[in-house]
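Remarks on the structure that follows.
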Amino acid sequence: MSLLTLENVTMKFGGLTAVEDVTLRVEESEIFGLIGPNGAGKTTVFNMVTGHYKPTAGRILFRDNEITALQPDKITRTGIARTFQNIRLFKDLTVLENVMVSQHHTIASNGKAVTWFFKSVSRLGYSEKEREMRNKALELLSVLGLEMLANEKSSALSYGSQRLLEIARAMATGATLLLLDEPAAGMNASETAGLVDTIRRIRDDFGLTVLLIEHDMKLVMGLCERIMVLDHGRTISEGVPAFVQKDVRVIEAYLGREWVTVGK
Amino acid sequence: MDPKTLLQNFVNGLSLGSLYALIAIGYTMVYGILRLINFAHGDIFMMAVYFALFFVTLAQLPWYLAAILAIACAALLGFTVDRIAYKPIRNAPRISALITAIGVSFFLESLAVVVFSGIPRSFRTIFPQSLNEMIIIGGEMEVKYGREVIVGGIRFPVISLITLIVAAIALVFLWWFIFRTKVGMAMRAVSLDIQTTSLMGVNVDRVIGMTFALGSALAGIGGILWAIRYPQVWPYMGFIPGMKAFVAAVFGGIGSVPGAVLGGLILGITEVMMVGIMPAAAGYRDAFAFFILIIVLSIKPSGLLGRPEIVKV
Amino acid sequence: MKKQTKIILTLIALPLIALLLFLSQELLNSYYSRIITLIGIYGIMAVSLTLVNGISGVFSLGHAGFIALGAYTSALLTLSPEQKEMTFLIEKLVWPLNSIQIPFFWATIIAGLVAAVFAFLIGWPSLRLTGDYFAIATLGFSEIIRIFALNLNSITNGALGLKALPDHTNVWWAWGWLLVTVACVLSLAYSSFGRALRAIREDRVAAQAMGINVFKHQLMAFVLGGFFAGISGSLYGHWLSTIDPRTNTFGILLTFNILIMIVLGGLGSITGAIIGGALFAFLSEWLRFLEGPINLLGFKIMGISGMRMLVFSGLFVIIMIFWPRGLMGRSEFSWDGLVSVFKRRYKR
């Protein structure tokens, strides 16, 4: 049983086909890379998995349960969380609050919302649960090295720290599958190196599975155990990094046909 | 409803609808570009009527000259409102722009109260009386109370017909302007992608200003025709027609000019027909448009001719 | 500052405010004490709208509709059957409303509940819409309420409105309910629930991606906002002692006035909402001179009606353009904040 399965998924926007007939299997606790040139449809794949877009055709399964076109919040509650390519933190909230928000669904889902609402209004059963959430948030922040910044506004953080905070926030949802959309974008070399360690560490320590989109090839080839390459919405290659790196179709997609002939 | 009344109501509904359409175009064009509900639009409609009133009564101008000047002033007012109130907050969150627009709307209303006083005035004697006379098609002469009167027939006021003609001319002009002039092309480009258009060397602020002016001029035309039809002028007269026109714009698909026209016509006809069928419900006439709005928004928020918006993630 | 210290300070401050209110009743004339009552009512209106427009990030323009609902509901419950018999001239009031009379407190609670039910009914279809569409839908709703008030003769007495309401609303009712409102809204806003609401306000898409059911959360905030709007409507109606649907008292103008309060105070701050409400009440009384005859350098100028509104709307636009954070921004009153303000003074 794969953790996440995409079966022949297609996404069309009007006349434009962004993703065509993609089939993808992510196994439990692996780090899987999704790469491809700009506009290949990688983020669209993420958006379909997290329920932001409804696929035109095909099915998406998580632990053998169909999650195709569920609402994004429901999908998150089944155990998939994501980060955003163009950082979408809650700017006016503190770093700590950003992480605590992600735990809110654990107390306010499945019909418990109304009860919790009245508890909040009347302040009953408030502090104990709140302390639990705060402790878990602080723990996650220290895993990502952000604990010193807990009370800063999230918009005051550096770009690299904001990316890390996005990861912490996604982890706090309690998800077992993390979708990271270009986690290293905008980071310098040493930050990127640190990120590689961090992703490995959270995978091992928290028993997570990671599916990531990245343009930094060094990071992808060093970190991912398996890779899928998309171009113009289609799968053009799939396998271990060493295989994908040598695949002619991949080189063509990135560098053009002429380069391949010259290279030979 | 017998066929005669039906036709009668149809003509009246069509002419009311074309007034909604004229106002709705201004909403839809501004929304298409700035994603802003220009709350002040209904008040520009009101101001245009006061301008016309004062050009005739104080400046003693002939009515046609007064109308043209009033429409020009409305255009200028729309342009000014954009420059003073909306341009400084172009990059602010959308909700601040909306709040500002509400503020501008109330500012114009209270300005009208202060300058023109809040007491309703009559518009009846301003324009030629013949506009309010009835056109009667068919019917029979009968002698009643010692006078000859026409009984039966299809009757509607002259102004209904004039409204239709003026609205049609305005729409043809608008079509020419949007599709056959350079400024029109720039407007279409800006509504598709504001940033790219400005990178192409188009002065986006000027185009937006022109859009406000054009929309306001159309609202001005609508306002004057409205005031001839319902000849009571007061500072809050723009609120209800403005809101209804907005409903028409949403109904037709906000951002789409043909949609605004279609939405306006449908709203006008259904409103008149509803009152025709259920005279008892006449008091609820103004609530009707809002019911339509809530229904349209819950079933098909993108309206009849609008394109659904894709939320970018 | 220690938590205990803050609690003690709060426990001292509350009776102090109560004492000040008591003194104001004893020492000031009825004109001023009425204004102080009005500040309490405005406070409830502004705080409940802040919950919706400032904290949960939806933008409602229907507040006046809920206030009107509350005002009508409670007025129909507190008027005596004989009074109703005399007032309803166009059509008789429907049973059972024509034969009941209940205490003001319960009438106010029911007013809040009725408004909350309507908030639920209007929120259910329209909260699926975003941003400005929701604003228009709620504006439409408040217009529908007004139009029904004008036409439903057998319930609202149509254009004649309701008159001679018992003058139940005093300083204690108004400020007591303000205290309840602030306590509820504050504890909600700073709970996990409120944090989720603020997250939705900051980024709807990301909040949903973090597992929050955006629709449900906003709906609950909207319903609670509607409840307190209904409460304030009951108080306002019994403060005015007449409900006239023809004037703009319960129309869009009221929503606009509340918007001025919360924008002036800082959109998103509960403290700001109360300060905004108080400032608005004072300013609109003080600016009355603009509408009366003015003696300027020996020249007598006739007052111009509508000047106050012009000043307010002009001020409003200027705030939005040059000072969008208002007085408080999104921050709240805290003892620590107060201390630091004094420290800064002292150092200078």
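Using protein chains only and a probe of 1.4 angstrom, how many square angstrom of C:TRP175 are accessible, to the nearest 10?
Its accessible surface works out to 60 Å², give or take rounding.
Give the ranking of C:THR73, A:THR115 by solvent-accessible surface, highest area first, calculated with a 1.4 Å probe. Walk me through the numbers on the way to the answer.
Values: C:THR73 25, A:THR115 75 Å².
Correct descending sequence by accessible area is A:THR115, C:THR73.
Top mean-square fluctuation among B:GLY303, B:GLY276, B:GLY32, Gaussian network model of chain B, C-alpha springs under 10 Å?
Fluctuation is largest for B:GLY276.
Between the alpha-carbon centers of the range A:234-255 and the range C:79-95, tell me the distance in whole angstrom.
After rounding, the separation between the Cα centres reads 83 Å.
Are any of the pairs B:LYS182/B:LYS300; C:LYS84/C:LYS216; A:LYS153/C:LYS6; A:LYS12/A:LYS218; A:LYS12/B:LYS244 more than 28 Å apart by Cα-Cα distance, and if so, which?
Details: B:LYS182/B:LYS300 34 Å; C:LYS84/C:LYS216 40 Å; A:LYS153/C:LYS6 24 Å; A:LYS12/A:LYS218 32 Å; A:LYS12/B:LYS244 36 Å.
Table pairs above 28 Å Cα-Cα are B:LYS182/B:LYS300; C:LYS84/C:LYS216; A:LYS12/A:LYS218; A:LYS12/B:LYS244.
Compute, for chain B, the length of the dipole vector about the Cα centre, with Cβ point charges of +1 (Lys, Arg) and -1 (Asp, Glu) only. Units Debye, rounded to 20.
Numbers: 21 positive and 13 negative charges, 131 e Å.
The calculated dipole for chain B is roughly 620 debye.
What is the Cα convex hull volume of chain A when expressed per residue in Å³? Please report the intermediate quantities before stating the final value.
Numbers: hull volume 37.5 nm³, N = 264.
Each residue corresponds to 142 Å³ of Cα convex hull volume.
Can you give the Rg and Dmax of the protein assembly as shown based on its C-alpha atoms, in angstrom?
Every Cα atom of the protein assembly as shown included, Rg and Dmax give 31.2, 109 Å.
How many partner chain Cβ atoms sit within 10 Å of a residue's Cβ in peptide C:127-139, on average, as a whole number? Don't skip to the answer; put the middle values down first.
Details: counts 0, 3, 4, 4, 6, 11, 6, 1, 6, 11, 7, 1, 7.
Mean shielding by partner chains, rounded to a whole number: 5.
In a solvent-free Debye calculation with one equal scatterer on each Cα, what is log10 I(q)/I(0) for the range C:1-67 at q = 0.23, 0.27 Å⁻¹, listed in the order of the q values?
Per q value, in the given order, log10 I(q)/I(0) is -0.92, -1.03.
Farthest toward the dipole's positive end in chain A, which of A:LEU219, A:THR68, A:THR192, given Cβ charges of +1 (Lys, Arg) and -1 (Asp, Glu) about the Cα centre?
It is A:THR68.
Probe radius 1.4 Å, ligands and nucleic acids ignored: give me the carbon and sulfur share of the accessible area of the range C:32-347 as a rounded percent.
Ligands and nucleic acids excluded, carbon and sulfur reach 70 percent.
Arranged from highest to lowest average of other beta-carbon atoms within 10 Å per residue, in what order do the peptides B:95-106, B:117-128, A:208-219 appear?
B:95-106, A:208-219, B:117-128
So, with +1 on the Cβ of K and R and -1 on the Cβ of D and E, and no other charges, what is the size of the charge dipole of chain A about its Cα centre, to the nearest 20 debye?
Value, rounded to 20: 600 debye.
Between the range C:316-348 and the range B:165-211, how many Å separate their Cα centres?
Their Cα centres are 44 Å away from one another.
At a probe radius of 1.4 Å, figure out the A/C buried accessible area, summed over both chains, and give it in Å² to the nearest 100.
Values: alone 12990 and 17900 Å², together 28130 Å².
Summed over both sides, the interface buries about 2800 Å².
Please compute, for peptide B:109-116, the average count of beta-carbon atoms on other protein chains lying within 10 Å of each residue's beta-carbon. Write down the numbers at each step before the final one.
Numbers: counts 6, 10, 5, 2, 6, 10, 3, 1.
Going residue by residue through B:109-116 and averaging, the value is 5.
From the C-alpha coordinates alone, can you work out the Kirkwood hydrodynamic radius of the range A:73-222, in Å?
On the way: mean 1/r = 0.0624 Å⁻¹.
With all distinct Cα pairs of the range A:73-222 included, I get 16.0 Å.
Using only Cα atoms, locate the centre of the range A:45-110 and the centre of the range C:4-72, then give the distance between them in Å, rounded to an integer.
If you average the Cα positions of each part, the centres end up 39 Å apart.
Using the per-residue mean of other Cβ atoms lying within 10 Å as a proxy for protection, in what order, highest first, do the peptides C:221-229, C:274-282, A:36-44, C:3-11 fall?
Sorting C:221-229, C:274-282, A:36-44, C:3-11 by mean packing, highest first, produces C:221-229, C:274-282, A:36-44, C:3-11.
Rg and Dmax in Å for the range B:101-229, alpha carbons only: what are they?
22.3, 76
Summing both sides, how much accessible area is buried between C and B? Use a 1.4 Å probe and give Å² to the nearest 100.
Chains C and B together bury approximately 3500 Å².
Among C:VAL339, C:THR255, C:GLY43, which residue has its Cα positioned farthest towards the positive end of the charge dipole of chain C, with +1 placed on the Cβ of Lys and Arg, -1 on the Cβ of Asp and Glu, and the dipole taken about the Cα centre?
Going by the charge dipole, the pick is C:VAL339.
Calculate the mean, over all residues of peptide A:93-106, of how many other protein chain Cβ atoms lie within 10 angstrom of the residue's Cβ.
Across A:93-106, the average partner-chain Cβ count within 10 Å equals 5.
Using the Cα centre of the protein assembly as shown as origin and beta-carbon charges of +1 (Lys, Arg) and -1 (Asp, Glu), tell me which of B:TRP175, A:ALA18, A:VAL95 is placed farthest towards the positive end of the dipole.
Farthest along the dipole direction, towards plus: A:VAL95.
Counting every Cα pair in the range B:3-299, what percent are over 33 Å apart?
25 percent
Hey, how much of the P(r) for the range C:32-347 falls beyond 32 Å, as a percent of Cα pairs?
30 percent
Which order, highest average first, do B:259-269, C:238-248, A:12-22, B:216-226 follow once you tally other Cβ atoms within 10 Å for each residue and take the mean per peptide?
Ranked from most to least packed, the peptides come out as B:216-226, B:259-269, C:238-248, A:12-22.
Sequence-distant or interchain residues sharing an amide H contact under 5 Å with A:VAL19, placed H: which?
A:MET11
For the range B:244-313, what is the Kirkwood estimate of the hydrodynamic radius, computed as the reciprocal of the mean inverse distance between distinct Cα atoms, to one decimal in Å?
Computed over Cα pairs of the range B:244-313, the Kirkwood hydrodynamic radius comes out at 12.5 Å.
Summing +1 for each Lys or Arg and -1 for each Asp or Glu, what net charge is found among the other residues whose Cβ lies under 13 Å from the Cβ of C:SER99?
Spelling it out: positives minus negatives among the neighbours equals 0.
Can you tell me the alpha carbon radius of gyration of the range C:146-260 divided by the globular rule-of-thumb value 2.2 N^0.38 Å?
With N residues counted in the range C:146-260, Rg over 2.2 N^0.38 Å equals 1.35.
Give me Rg over Rh for the range B:1-131, both radii from the alpha carbons and Rh done the Kirkwood way, two decimal places. Don't skip to the end; give the middle numbers.
Numbers: Rg = 17.7 Å, Rh = 16.8 Å.
Rounded to two decimals, Rg over Rh is 1.05.
If you put +1 on each Lys and Arg Cβ and -1 on each Asp and Glu Cβ, how big is the dipole of chain C around its Cα centre, in Debye rounded to 20?
Values: 25 positive and 14 negative charges, 266 e Å.
Using only the charged Cβ atoms, the result is roughly 1280 debye.
The values are calculated or read from the model by the stated rules, or taken from the named source; none is laboratory data. As the structure is a computational prediction, the values presented were derived from the model and not from experiment. Backbone-built Cβ (ideal geometry, glycine too); neighbour counts: all protein chains shown. Remember, those area values only see protein heavy atoms, side chains included, never the ligands or the DNA or RNA. Shrake-Rupley method; radii C 1.70, N 1.55, O 1.52, S 1.80 Å.
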